[in-house]
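The values are calculated or read from the model by the stated rules, or taken from the named source; none is laboratory data. These figures come from a predicted structure and were not determined experimentally. For neighbour counting, all protein chains shown are included, and Cβ atoms are generated from backbone atoms with ideal geometry for every residue, glycine included. What goes into the accessible areas is simple: the full protein's heavy atoms, side chains included, and nothing from ligands, DNA or RNA. Shrake-Rupley method; radii C 1.70, N 1.55, O 1.52, S 1.80 Å.
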Amino acid sequence: MDPVSHAVIGSAVAGLFPEGTHAAVCWSAVLGAESPDIDIVVQFVRGRVGYLRAHRGPTHGLATLPLQAALIAAGMKLLHPGAPLGPLFGAALLGTLSHVLFDFGNDYGTQGLWPFSPRRIAFDLIPIVDLGILAIVGAGWLAHALLPAGRPVVFGSVWLALGFYGLLRFLLHRRARALVVEYLRPPADCGEAVGCGVGWALQVVTVHPTLLSLNAWRYVVQQPGGFLTGMVWVWPGRVSRPQRAANQYDQVVLASLKAATVTAFASWTRRPRVEVAWRDGLWEVRWSDMRYEVDGFSPFTAYAWLDAELNLVDEGLGRRTDAAPGPALLLRRLRQEAGRWDPLEH
């Protein structure tokens, strides 16, 4: 999640401590909720490529969280000698756990099992910025200001509400995925014929949250040679017609892995799409992630340029601008992400 969201969730951890708790304990919870993102310092030392490799890596591993909490507690103890060390450590540890827990929930991927496993865990349940979570925590602080109930009671209820909210998203996600699988499954009488049914050779189906709605989700289906992408609305149980996106893998693509930018990009992307084009005497290899590509526009892209002998000439990170969406497309996408089902999409 974004830093503001993590800080807000950290404040909900701080809210579990009763009135009269030393302020340093509460601030330890907030600092703990931010500390795993300390890997941003890599960007200033090793650039964007180094940061791309490191982000949501070791600092997000559950094994490193106690160390982060201990450093925060020690630092706060130095600044506030009167603060109790045990609660400082406990609050900071709860804050770090909240960070990794909510990062697990979105679709970016987090190496939460580091160093035991390099696997990036992503449950695809919540967007990077979840307005529902922010609203629940904000309502908790408002209730604390207006109601006579103690702070732990109020924020115990807040965490209970967050748990129910997570369960709701899980159930909606499962239903959305079931709708996509049902829609794309080939008819029973098709057999194994090549090209039979819109979902022939269905392999991997992932469903991803949208920013503005619990009802609207984006789906990505990985197939041999490409992807199917589209929208699914839990209510009224509709799936949009899939858009097809081809994927290219050949010796030019393999040669592009000489670029540090490409290998860093490929290390975290879960649904990589690669396009190859011959432009101005060079091979242009464009890597994107189908989780974020919409109607041909990709906000995250890695490039490699190779000569005719497949020697690396240049590389870079950027966004695909040649397929930037126009106002009409943006408006339609906004309606979709707000949860409105468009009959023309079905």
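The figures follow:
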quantity: Accessible solvent surface per residue of segment 1-70, calculated while the other protein chains remain in place, 1.4 angstrom probe, Å²; calculated: 43
quantity: Cβ-defined net charge surrounding Ala7, 11 Å radius [Lys, Arg +1; Asp, Glu -1]; calculated: -3
quantity: In sequence order, calculated HN-Hα J values of segment 214-229 (Karplus, 6.51, -1.76, 1.60; Hz; x Gly/Pro); calculated: 7, 8, 9, 9, 9, 10, 9, 10, 8, 10, x, x, x, 9, 10, 10
quantity: Computed E for Ala23/Leu62 - FRET, C-beta separation, R0 35 angstrom, nearest 0.05; calculated: 0.80
quantity: Span from the segment 112-152 Cα centroid across to the segment 227-256 one, whole angstrom; calculated: 30
quantity: Residues Phe170 and Leu331, FRET efficiency given R0 of 41 Å [Cβ-Cβ distance, rounded to 0.05]; calculated: 0.85
quantity: Carbon and sulfur %, accessible surface of segment 37-187 computed with the full protein complex present, 1.4 Å; calculated: 75
quantity: Residue-by-residue Karplus 3J(HN,Hα) for segment 254-265, coefficients 6.51, -1.76, 1.60, Hz, glycine and proline x; calculated: 4, 5, 5, 6, 5, 7, 4, 4, 5, 5, 5, 5
quantity: Candidates per chymotrypsin sites (Phe, Trp or Tyr not before Pro) in segment 199-273, loop by DSSP, up to 16 other Cβ within 10 Å; calculated: Trp200, Tyr249
quantity: Trypsin sites (Lys or Arg not before Pro), loop per DSSP, at most 15 other Cβ atoms within 10 Å - longest free stretch of the chain; calculated: 120-257
quantity: Approximate spin-label separation Gln243-Ala145, in nm, with each point projected 7 Å along Cα-to-Cβ; calculated: 4.2
quantity: The chain - mean residue ellipticity at 222 nm from DSSP helices (-39,500 (n - 2.57) per run, n ≥ 4, rounded to 500); calculated: -14000 deg cm²/dmol
quantity: Heavy-atom surface of segment 117-185, accessible at 1.4 Å and reported per residue (Å²); calculated: 54
quantity: Average Cα contact separation per residue, the chain, under 8 Å, 6 or more apart, as relative contact order %; calculated: 12
quantity: Within the chain, longest stretch clear of exposed GluC sites (Glu not before Pro) (DSSP loop, no more than 15 other Cβ within 10 Å); calculated: 20-191
quantity: From the coordinates shown, Rg and Dmax of the Cα atoms in Å corresponds to which of [x] 20.2, 61; [y] 20.3, 64; [z] 23.0, 75; calculated: [z]
quantity: Derived scalar couplings ³J(HN,Hα) [segment 240-250; Karplus, 6.51 cos²θ - 1.76 cosθ + 1.60; whole Hz; x for Gly, Pro]; calculated: 6, 4, x, 9, 9, 10, 6, 10, 10, 9, 7
